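Comments concern the structure below.
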Amino acid sequence: MKKSVAIIIAAVFCASVLIVGFFGMRILSYNSKVYITEIRLTNEELQTRSDGSLYMVFEYKQDLTVPFTFEVYPDNATERNAVEVLIVSQSDTGVAEFVSGSFLIYKPGSFTVRVVSTDGNNVNAQCDVYVRSPQSA
């Protein structure tokens, strides 16, 4: 290889190192994960106590099914469906269970429901649900 070609290659290499060093390169991550940052319960029946906690009240009737709704934010979360709905406590065993987006309520009582993100950010929202005995005539 001729001496002039080696010098040109070395000069181009040094120039490219200097140019990249001066202007820099921004590293872009195209696979970054966007975590769930907020879960909002959206049932119409939701009420707020003075301390900010949420609750719902229903009157018991046979075959009572209550749809349970919530929204996950931000809208561009990578795993928007990475949530779990849990009944964390009940006043009596067998008051209710969560099946396919609704509470199946079997008898009067109360329970606490919690929606938890499972995408690694561990965001949650919860409310208490009270099921009253039917009013007697």
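What follows is calculated from the coordinates using simple rules that are stated; it is not laboratory data. In this text the structure is predicted, and so the values were computed from the model without any measurement. In this analysis, Cβ positions are derived from the backbone assuming ideal geometry, glycine residues included, and neighbour counts consider all displayed protein chains.
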(request) Starting from the Cα gyration tensor of the chain, multiply each eigenvalue by 5, take the square root, and state the resulting semi-axes largest first in whole Å. (result) 61, 14, 10
(request) Pull out the extension gain between Arg80 and Tyr130, defined as 0.36 nm times the separation in residues minus the alpha carbon to alpha carbon distance; nm, one decimal. (result) 15.1 nm
(request) Could you pull out every one of the aspartates and glutamates with an alpha carbon less than 20 Å from that of Lys107, ignoring same-chain neighbours closer than 8 positions? (result) Glu45, Glu59, Asp63, Asp92, Glu97, Asp128
(message) Cut-off 20 Å, label point 7 angstrom out along Cα-to-Cβ of Asp51: give me the residues of region 119-133 whose amide nitrogen falls inside.
(response) 124-131
